[in-house]
Structure formats: structure tokens, C-alpha cells
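The values are calculated or read from the model by the stated rules, or taken from the named source; none is laboratory data. A quick note: this is a predicted structure, and the numbers were derived from the prediction, not measured. In this analysis, Cβ positions are derived from the backbone assuming ideal geometry, glycine residues included, and neighbour counts consider all displayed protein chains. Just so you know, the surface numbers come from the protein's heavy atoms only, side chains and all, with ligands and any DNA or RNA stripped out. Shrake-Rupley method; radii C 1.70, N 1.55, O 1.52, S 1.80 Å.
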Protein chains: 4
Amino acid sequence: MPNTFGTLFTLTTFGESHGPGVGCVIDGCPAGLAMDMDFVQSELDRRRPGQSRLTTQRKESDKVQVLSGIYEGVTTGAPIALFIANEDARTSDYSHIAQAFRPSHADYTYQAKYGIRDYRGGGRSSARETASWVAAGAIAKLLLKTQGIDVHAYVSQVGTILTSLPYTELDLSLTESTPVRCPDPDTAAQMIALIEEVRKAGDTIGGVVTGVITGCPPGLGEPIFDKLHASLGQAMLSINACKGFEYGSGFSGVAMRGSAHNDAFFREGDVIKTRTNHSGGIQGGISNGMDIYFRCAFKPVATIVAPQESVNEAGESVTVTGKGRHDPCVVPRAVPVVEAMAALVLADFVLQKNAARI
Amino acid sequence: MPNTFGTLFTLTTFGESHGPGVGCVIDGCPAGLAMDMDFVQSELDRRRPGQSRLTTQRKESDKVQVLSGIYEGVTTGAPIALFIANEDARTSDYSHIAQAFRPSHADYTYQAKYGIRDYRGGGRSSARETASWVAAGAIAKLLLKTQGIDVHAYVSQVGTILTSLPYTELDLSLTESTPVRCPDPDTAAQMIALIEEVRKAGDTIGGVVTGVITGCPPGLGEPIFDKLHASLGQAMLSINACKGFEYGSGFSGVAMRGSAHNDAFFREGDVIKTRTNHSGGIQGGISNGMDIYFRCAFKPVATIVAPQESVNEAGESVTVTGKGRHDPCVVPRAVPVVEAMAALVLADFVLQKNAARI
Amino acid sequence: MPNTFGTLFTLTTFGESHGPGVGCVIDGCPAGLAMDMDFVQSELDRRRPGQSRLTTQRKESDKVQVLSGIYEGVTTGAPIALFIANEDARTSDYSHIAQAFRPSHADYTYQAKYGIRDYRGGGRSSARETASWVAAGAIAKLLLKTQGIDVHAYVSQVGTILTSLPYTELDLSLTESTPVRCPDPDTAAQMIALIEEVRKAGDTIGGVVTGVITGCPPGLGEPIFDKLHASLGQAMLSINACKGFEYGSGFSGVAMRGSAHNDAFFREGDVIKTRTNHSGGIQGGISNGMDIYFRCAFKPVATIVAPQESVNEAGESVTVTGKGRHDPCVVPRAVPVVEAMAALVLADFVLQKNAARI
Amino acid sequence: MPNTFGTLFTLTTFGESHGPGVGCVIDGCPAGLAMDMDFVQSELDRRRPGQSRLTTQRKESDKVQVLSGIYEGVTTGAPIALFIANEDARTSDYSHIAQAFRPSHADYTYQAKYGIRDYRGGGRSSARETASWVAAGAIAKLLLKTQGIDVHAYVSQVGTILTSLPYTELDLSLTESTPVRCPDPDTAAQMIALIEEVRKAGDTIGGVVTGVITGCPPGLGEPIFDKLHASLGQAMLSINACKGFEYGSGFSGVAMRGSAHNDAFFREGDVIKTRTNHSGGIQGGISNGMDIYFRCAFKPVATIVAPQESVNEAGESVTVTGKGRHDPCVVPRAVPVVEAMAALVLADFVLQKNAARI
């Protein structure tokens, strides 16, 4: 089921950028969970377009409608269906690509796979799809809160501008204080300036989102193919424009020796901890109780203003010029999406762990 | 099913490092595929321990037995069960960790998750598990060959020693010519020297394996949660000690602008190609017909000779000293595992694409 | 995923009897299939309430809305989301059961399972859920038509009144000619009279629906756990009030000897056929090219007018009296549901067979 | 995954009748379960061939080997792989069907589906496959015992000879006291005589197995597509030669009126019960705490001595004469298989219910 994510806490999505809307069915959410729909909406508001000059100017209120599964403010154990209508689709912006394939978009590959495509706004390949993910992720967050697990993400790099501080030295409560969602104020200011410069140039730029999960108990994750970090990796790499994922020491760990990389165990009160956390809170695919942290690389958005060489469906050479509203840099709006996908992964593993308790 | 990988071409594995052996069931392999068991064995031989001074000295012949699914040299459509007996398990090497948790191993997390663990040789968390993956991957490779798809991997970095050449400028046929499996001979020599040095010091070192898939037709992959690169990412992050995955421009792409990163389309004969390949052969989660390439980060092996601080099951402070045979650097033996997992991912998507052809 | 049916052609449903509506997501439908939404609606019209005096008087237009996956009248390969609004929910009819458990309904078991229930109209346990199944089944039928496969069902028994003719001696085109959907006119008249009598008595009665699948090629079905008839069985037993399933000779075959039961093979032109068809078109779980036929037993509807002994949530003795509109006999409206579920099973196996063609 | 059964407690099987053996991987069994392998073997002994004159004379010891997942007599949470070697395969008995299709066997459909078949002993379509099911079911039974759930089956009909007593009036402890496994001694004697008569005539006869599950708590089962009875139905219909399934009132319920069929609720101590149990312990797909009971129809075995009309792979008319050892009546040996499949279904739902407890 290619439009479904998860094993026990599952998300099935549908919708296109310029159709009636996007939506999802969340199956497996336990009954009896108080559903704070204001919180769900607030998460959608963090992702929705038009928040600031840094993001696309498409105007969508992204109001979520509950179609099923919640009764008198509480989950019933039935599937939860959510729907978010499209309001500001300007299909005319896309008529120029009805035939042509935009470079580094999914136009060509959808045509190759399906022999047909809904080109309007990118159809199903649009990042508008992630609105459903954020709504479902908000419900997963509510479940995780009952377990003491908290999920946080922030922008740690835009282009070559990055914060030199590890997450442990940042005040993560500052993430939402700037439109770029970097909790290091000085770096945030430089990032914003860079995005503005890129936007004015009609260009785009990539970035990195760092995720941090706190309060995760030991024992979550499955140790072979559904390793906690492998599931996180798949989740993050599912996000539009994500090109890489690393956790703990990640790529920087390859240059280390085992004697420096190993995390010594010690006991603090009743809790077993590690002196360092190069493991990123996961050992053998299973959480060890330390913070889980990871980084996701996002490429520059493919829609740019300058004319580009391409071909059309007939295979003829054409020039494609950027139209359609788009983000100059995707990472500020990717932050709630990263959080949502991480929350879905963890909620699933919480239920899987429960299942095996006899 | 945490011990199963794949949707239509599926691998289910079992076994522990010091039990009777490791094995697997491959379900969904099409009937009528000629099964070259010499090839399957040769792939296992690439992974097996004791190949050179660079790898663990555990001696295992890793002879694969076919238990079902192949009749007169051809697949029947029935599940293919394979078994690889353990021969050189030295359980006595591990008695010192019956109670203690080895730092950065899975001892503690298995105990936390299951309340019990087969500590002998790491039990199911041992990389011996990957023997099954390689056997199954070899069968997937035979399927892919009928589709013109080839999977290759090589070591591109050990510690800080890396080849500066992209895969397009390397002669990949040289990969097997050195025990370190780096097709750049000068770099390979330096890598070997480094691994020798590390081994003599009783230490370990990390590295990077690069994967390359050629001959992949456009249209493989599912565009939302089962994106081709997200499935590859999950597959690679499932491999023991893998800490990061990137494809195409990966983490380096975050510093690029869209105008430089976009891959222009052009036509060559009947084939649509891109001028550059920052997309890594995948757009919108679906293959575009260009080469697919990716990189996997591996941490240094956790087993080292030096004494390390830890705790035991009772939570008491203990010192753990390395015993048990192990690899000073995992990447040379990870090469066939990376290829196997990539082959499994692609074989699955080939079947998924077939399914939708009406 | 308990609200999902199928492996490759999948149906995920949501909705409650008295919520905003019911709906579904169909994932895996191949791209490029012409979508005749008038046909889909006509199938829903066969199932909707208020068709005749034989069925519940709840008035629902059951107009289906397409939320995604169809572009310019053709499937795109994206998930197809459908929604059917609830229009005539009379929640006040159900206030008497807010606390009490109606005998032989799902009130008590939902409460036991979830600790909460949306009692209004039976919530998610209402047969209104099957509207989604019929809509999805209609799409599956359109897919099957491209393969020459046709699915038909009819009422063969109501109470003790049954047609003595096998399906091969009935004119199945007459099924829709009476409100009871029995293609044997004399028997139909007796069935209608019986249902009228039962309805006037404030009581209900059971019945049998027979299904017939023609044009199914040999080779559909998976031979171990996903046998074609086992999947059909699960599908039929999923339908509200279904208590039994048999195919081919079914329960009557237990009294036969092998020499009488075996179906001799012979060749007619290029086609291999069997002289008899006690196998019901399925051997070893796989279709053999002969007609597939099966029977589904439906119990009498649980809602009756007479007062009944029961308990409430507090465990106190109460008397429950029937309110709420309901069917005196479920089988006439179950006919399109049986067809829909059979179509979903077959569409799935068509895709599964395709997947394995290399 | 067509060779896998279950969602959380899963069984994946492999093997052919005349290959090295049959086996399985059980994934999802909770860690810490004491594994009584003598019990597992005793269950296999109930199913194995050669027990009495009523069954096939193939001699197999069916000794189960544990390949993984059990350490010091306790499950570790790792997959449990079991293997049962084939010892008495007489492939020469089957050379006559290398080309010809035996009537009402799976020879033709396997050939149609796969284009190839391992004809020896029926290959994978042999009921020898069910040895794995019984072994896995025994492990499921051990899990269920910790929950107070007990699974029992017995032969209630052979040909036209049936016990007139409901299960509630039988002493189920007598089931194993006769080779036909009917706990009604007089009826058992008649059944045995009939099977003997049929066997001497070179013929075969069908029968019915009744299943009874006691101690099942309310709340097991999923209410839409994975209804408890629908999963039981699929499980039973997966058993070789099973042609029908009914639970509770089943097919006999269709002739009843709702006023007679409904099961009134009452309270006995702290337990809510029903006065009658036409529901068969399941309402809305979920257990209600009463006994679950069901009936499975088995057709006569297809292998008979008399010559039969058939065709060969070339489509030519041939006569097939019965060879190969086989059972004159399958139901006595089907009893442990029915129990095993029921146990697998219930174990799965126990885990699913656990998963949702937050």
C-alpha cells in the first residue's frame, strides 16, 4: 500500500494539489484518547503556505475537517478521517507544463510510471500532500504525550549558513520565534537574509532540519528491518526534497575510532545512561533511553524563475520557465513535517511494544 | 512483521549468531527463474568472515542449503527457504558479557525490550544475520539481470581516507581486486594500511560504502511513502552499524542553489536523459532512467580491545574488555550486503510495477 | 490495518452511521482505467436504503463524491478517495440505547473492546459502512471488465423459501426485476410475501445470497493462506450478519464420495474444462477457469419490535424495545455488497498474478 | 505475502511434500514465553500420517527441529524457525502424474498459475504443509494458555453419519479416545466403520470438523474486515479440502426469525452472558465472552483408486489411476489442524488487543 505509512498506527493519504483537497485516514489510534483539535489545527498552521515572505504565497487556510473516528472529543478506536480542502489552486499557472517536464520535478517520472499525470500544481507529487501528514502527526504527538515522549525539529542549516551549536546547547523553545525556525537567533538572521537574497534572485536554496526526540523509553524499535532509525530514515526520506538522513554521529562518525565513538554506560539513580551519545539514542535499532537526534538534508526547490532546458511529452526540446508560487527554501515549512513523521514512527513503535506485553 | 523486508518480493529471516544457523524465506519470487546457486554461493563468499586479515577471523564456510522452492534448477513460485549453518561459534568467548552490557552494542537495548537476550555472539543482533540477506539479494540480482538492472557497491571511504573520484570516473570492475573493495587502487592501499594500523591498536574505524545501480528503467518506485530512495534508505539503515544514507547530491546538495542543482532534460535517440544527475536517478521517488547512486555511512565497530566502563544487568558498574572475534572495519564486508539490500528493493519495485500493468 | 481490505488493490474505509458520512480510499487501482461514475452511482443505488417496502425506510441519496485519484475521467494511479454524506440520520431514535446493549448487536462488544462507543445508529458497526464497499467494488468491477470477468449475485433463499434451481438453470438477468433480487420469479414472489409478513409482525428473517463469477481465467489465487476461496470467505464473512460461507459443493460435499465428487478434466477446443464443477471453479486455492460459485448465509436482522431482555452499561437488567429504521430481511440489499466484495477479491488477485509475470 | 498468515503473531511457511522437508518462521511471539517442546511435538504427533488404519500409510516421524528464537527453553522475541524433515517420500509413486493432471487436485491450477510445478507428492499443494501449521499452532496454544483461552476441535460428521448432540452435551475429553476423533463413542464407531468401508472400496469420503474456543475474553477481533469470525473463516478455508465454514447458528440461522435468534443479555455475578448463543460468541466481529463455536466442511479426498478421465500437459485425453498413499477421509487428521489455525487467529487478536492499550 504505497500511500500508507506505518504498521499499527497507520496513515493512509489521498489528494492532489489542485483537486478538491487532501486528506487521510488514521487507523489504529487507540480509543479513549482526548483529541485536542485546536492543537491539530495549530500544527497545520505551522506548515501552511503564506506564513511569511520566506514561503510560497499560495493562500490556504488549511482548516481540517474531521470526517470520522472522534466522538464527543475522544477517539473511539474507529479510523479517523481528516480532510483539508484546497482553496487557492491556480491551475492556469501550470498550463505551460501540461506537456513539458519541469527539470528535477516529478513530471517526467510520473508520466513514465503511470502513462498519465495530473499536472496541475504537480498533482499528487506536490508537497501539499504533507498537510495530511502534519495533521496525522499531531494526533500521534497527542498519543506520545501520554507516554512522556516529545518530538522537536528545527532548521540547523540553510545553504552554507549553519549553527555551530549542537542541539544540547540550543534553547529549542526559540524555534518558532523566527520565520526560519532556527533557535540560534544570530544564525537565524543570516539564514533569513540568505533566503531573501535567493528569493529575489528567482532562485532557491537547500537546508538541513535537525530532529530531537526526548523522553523516549528504552525498548522502542524492532531490531532487524524495522530498526527505529531505519524507520525514521524512511519517514524523513519520504518528505519531498529530502536527499539524506543521518542519526547520532552519522556521516561524521565514519572518521572516528571505536574507542572514541563508543558510548560508555553508567547508572544515574535508577536510570542507565551513556556518557556520550554518538549512538543517537538508538543501539541495535532499539531506543536506549537517551535523546534521539537526527539530521535531514533538503535539496533546493526545483521551481526557479530562470528558463531551463527540457523536453516535452513528445520528446521535443523545449524551454521551461518557472511559474507557480513556490518556496525559495523548503526547510522552514519542513520543520513541522519532520516532527510529524517522527511522531508517526514513534507512535507506531509504542503500539508495537505494547502488543508484545503478555 | 519486523523480520520481514519487502512487499511483493519479500525476505523473512531468522537465526542467531551461536544457534544452529541463520536462514530465510524468500516469498514472491516469480516462477520459472533459473537459479544459479553457484552465483548465490559466490555472493555469500564475498560476505563471509575470514576472507583476509582485514576481517574477523571467525571461520565459517557459509554454505547455503536450499530447503524449498527450487525444482530442477528453476524457481517454482513457492517460497524459497535457505539455511546457512553456524560452524565456528565460540560461545565461551562471550561468557564475560552474559551479565554486562557492551558499550554501543545492542546488549542493553535487547534486554530493555525483551527482558531476556541470547547474549552468545550478540544473538540475533550479530551481523551474521546479514548472510541471509546476501543469499536473498543474490536471488534478487538474478531476477534483476533478466530486466537489465545491475547493482554495484564499493568502499569509498575508510576513516578520513577517501577516493576523490566520483563513481563515474572509477573502474568498478576493480572493486574485488583488493580486500578493502575500493576500486581506486592507490586509495585502496592507504585504506588497507589504515585498517591494519587500527587492528593492531585493538581499535576499529568507520567508513562509507557507495552504491550504484545501472540499467534501471524509468518508473520504478512509489511516489509517497515507498519512494525508491526512501526504501533504499530504510534498507541501508537496516544494515548493522549504518548511521546515515544519502542519494544523488545528498547532504552536499543543501548548499546548492536550484539553478545549479536542477538536472536539465534532453533527448538522446529515443531516450530521455538529464545533463547532470544531482537527482541520483530518482525524481519524486520514482526512477528516471539515469544511474542511481547513494552513500552509506558506517560507524566504527563497537567491539574493541581496551577496557570500557559499563553496567551489568543489576545496574552495577563494571569494566568490559573486548573478546570475541570481530572486524576492525566493517565496510569491506558491508559491500555485498549493501548490494543485496539494494537488489531486494529493486526486485520488489519491479514486481510492483508489473502488478499495475493492465 | 483492520479497516483495510486487500493486498494490492486495497480498500480502506472510514465513517459512522450518524457522523458526517462514510467513505473510503482505494489504493493500487492501475492508472489509465476509464472511470464510469454513473455505473458506480448505479451500484450504490442498488444498495441504498428506501428502495422498496422490503428495506429500511431511512432515506439516503447516497451520492458519491470523488475526492482524489481521477482526472478527466481516468484513474491516475493515485489513491481514489470517495465520500458519501449521511443525510437522514435520526439520532434521537437511538437515545434509548445510549446505555443499554441491544441483543445480538455489536453494542456490548464495542464497549468491551474500546471502552467507548458511538451508539448513534450503531456507529461504525452499522451496515451503512457497506456503502463504501459497494462504491469500491464498482471500481473493481470496471477493472475486471477489462479482463472479461463478471461478478453476479442473487438471493437464493429467504427463511425456508428457496429456489430449487442451481444458478446454471436460472436467468440471472432477472435478478433486478424484483425487489427481493431472486431471479426465479415464482420463488421471488413467495419470498416477498414472507418478508412482508415478517415485517408486519415486527420481526426479521434470514436468507442466503449466492454469488457467481464468470470469465475468470485459470491461475488466480494464492495457494496457501490466500487461497481464492479463503479470501472470498473472509470477504463475505466481513459483511454484516453473514454467518457462513461455502463454495462449490460446500457442506453438501461432505456426504459425497471422492469417486462422485471429483471433476473429470477434458478439452474443448483450446480450453481445458471439467465435466462437473463440484470444485466451484477453484482447485488448490487457484481458479481453474470454470465458473466460481458460492453461498453466503445471513442471519435475521437483530433489530426487532418486541421488547427484549438485556443489560445496560452498569450491568443492570433492562428491557430494550426496537426503534430505529431497519430492514426486515437483509439479503436483498446484501446482493450488491456480495458482488462488491467478490469483485475486490478478484481485482486483487488479477494484480497479484500480473506482478509475478517476468 | 501469500505464504504468511497473521498480522502480529505471524506464520510464514515453506516446503514441499517430497523436498528436504517443511518448515516455518513464527514472528511476533512475545519474549519470555516458556516453550514446552514436548507439547509441540505431541501436537505434531496428532497430525502425522500413519497413526491408524484410518489415515495414510506414509511413515513420517515428524520430529520438529528448532532453528532459532528459543534460548534455554524460553522465547527471546526473535523469530522462531522450525523444520520438519521429510523421511518417507516415495517420489516414484508420482511419476505417472508428471504430465497428467489428477482430477480435483491442484495439478492443473498450479501449472496454469506458475507454468511449472513440482509434481512429486503434490509438491507444495500437499497437506504435508499443514505440519508447520500445527507446530506453530502449538506455540500459539501455549500463548493462549497464559490468557486462559482453550481451543478444541472434533469430528462431528463423516459422510452422512453425524452426532446429533451439540458440543455443549459432549464430553470433549473423549475426542482423542478414538482414531476418528469424535467424542460421541457410538457415532465414532459408525464413522470408523464407514471410513473402513470406503477405504476398502478404494474411495474416499468427506466430513465436518467442529471447533470450540472457551475462555475467550470479550473484546477480541476487529470489527470491519478482520472480524474474528471472518479471520477464523479464512483460516479454516485455508486448510486443504475445506469447502465451507459457518459459526454460531450458521446456515441453519437463515431460517430463523430475529425474535428467536437474538441472544438476550443477562448478568451472572460480574459477568455479562447471553441466554442463548446463536451468535457463536461473536457479535459485530468481536468476541462477547461466550464460547466460540464453528463448523468446517471437508470434501472427500481427491485421490481414489478407480481410473479417471483427465488431460495431460499437452491437452491430450488420458486416464489417471490413483497411486500414492493417501487418507480415505481427511477429517480425523484435520482436527489438530483446525485447532492450530484457530489458535493462530486468537493469538494474533490477543496481541492486537494488547497493542491498543495505552
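Observations on the structure shown:
- Think of the stretch A:68-160 as a dipole: +1 on every Lys or Arg Cβ, -1 on every Asp or Glu Cβ, centred on the Cα centre; then among A:ILE84, A:ILE139, A:GLY123, A:GLY123 lies furthest on the positive end.
- Among the residues of the stretch C:293-316, those with an accessible-area drop of 20 Å² or more from chain alone to full protein complex, heavy atoms and 1.4 Å probe, are C:ALA297, C:LYS299, C:PRO300, C:ILE304, C:GLU309, C:VAL311, C:GLY315.
- Highest-MSF residue in chain C out of C:ALA235, C:ALA34, C:ALA135 [GNM, Cα springs under 10 Å]: C:ALA34
- As computed over chain B, the Cα convex hull volume per residue (Å³): 153 Å³
- Modelled label reach - D:ARG275, point 7 Å along Cα→Cβ, the stretch D:235-264 residues with backbone N closer than 16 Å: D:257-264
- Per-residue Karplus couplings for the stretch C:203-215, computed as 6.51 cos²θ - 1.76 cosθ + 1.60 with θ equal to phi - 60°, are listed in order as 10, 9, 8, x, x, 10, 10, 9, x, 9, 10, 10, x Hz, Gly and Pro entered as x.
- Burial annotation for the stretch D:261-292: residues with an accessible-area loss of at least 40 Å² between the isolated chain and the complete set of protein chains, computed on heavy atoms with a 1.4 Å probe, are D:HIS261, D:ASN262, D:PHE265, D:ARG267, D:ILE272, D:GLN283, D:ILE286.
- FRET efficiency, D:THR160 to C:ASP186 (Cβ-Cβ, R0 45 Å, nearest 0.05): 0.90
- Across the accessible surface of the stretch A:113-204, with the other protein chains kept in place and a 1.4 Å probe, carbon and sulfur atoms take up 52 percent.
- Per-residue SASA entry for B:SER317, accessible area with 1.4 Å probe, Å² rounded to 10: 100 Å²
- Solvent exposure of the protein assembly as shown as accessible area per residue, Å², 1.4 Å probe: 30 Å²
- Semi-axis lengths, largest first, of the ellipsoid equivalent to the protein assembly as shown are 50, 38, 31 Å, with √(5λ) applied to each eigenvalue of the Cα gyration tensor.
- Restraint check, B:LYS63/D:LYS113; D:LYS113/D:LYS145; A:LYS227/B:LYS63, Cα-Cα greater than 30 Å: B:LYS63/D:LYS113; D:LYS113/D:LYS145
- For the B-to-C rotation axis, chain B residue with nearest beta carbon and its distance in angstrom: B:ALA355, 2
- Karplus-derived 3J(HN,Hα) values for the stretch A:250-260, using 6.51 cos²θ - 1.76 cosθ + 1.60 with θ = phi - 60°, are x, 5, 5, x, 5, 8, 8, 8, x, 5, 8 Hz; glycine and proline are entered as x.
- Note on the stretch D:1-153: semi-axes of the ellipsoid equivalent to its C-alpha gyration tensor, largest first and rounded to whole Å, are 31, 17, 14.
- Distance in nm between pseudo-label sites at A:GLN51 and D:ASP36 (7 Å out along the Cβ direction from Cα): 5.9 nm
- The share of Cα pairs per 10 Å bin across the stretch A:97-213, counted from zero up to the longest distance, runs 12, 28, 30, 23, 7, 0 percent.
- The stretch A:1-60 has equivalent-ellipsoid semi-axes of 26, 17, 10 Å, by the square roots of 5 times the alpha carbon gyration tensor eigenvalues, sorted largest first.
- Protein heavy-atom accessible area occluded, D/A pair - total, 1.4 Å probe, Å²: 1000 Å²
- Computed about the Cα centre, the dipole magnitude for chain D is approximately 380 debye when only Lys and Arg (+1) and Asp and Glu (-1) carry charge, each at its Cβ.
- Förster radius 35 Å - calculated FRET efficiency between A:LYS145 and D:THR214, Cβ distance, rounded to 0.05: 0.30
- Average Cα contact separation per residue, chain A, under 8 Å, 6 or more apart, as relative contact order %: 22 percent
- Kyte-Doolittle at least 1.0, axis length at least 20 Å by Cα - qualifying DSSP helices, chain A: A:130-145, A:331-355
- In the context of the full protein assembly, B:VAL212 retains an accessible surface of approximately 0 Å², using a probe radius of 1.4 Å and ignoring ligands and nucleic acids.
- Taking all protein chains as they are arranged and a probe of 1.4 Å, the heavy atoms of C:HIS229 leave approximately 10 Å² accessible to solvent.
- Placing R0 at 35 angstrom, the Cβ-Cβ distance between B:ARG357 and A:ARG90 gives a FRET efficiency of 0.50 after rounding to 0.05.
- Charge dipole magnitude, Cβ of K and R +1, D and E -1 - the protein assembly as shown, Cα centre, debye nearest 20: 0 debye
- Calculated SAXS-style log₁₀ I(q)/I(0) at q = 0.15, 0.16 Å⁻¹ - the stretch B:231-324, Debye, Cα scatterers: -0.73, -0.78
- Computed helical MRE - 222 nm, chain C, DSSP H runs ≥ 4 contributing -39500 (n - 2.57), nearest 500: -8000 deg cm²/dmol
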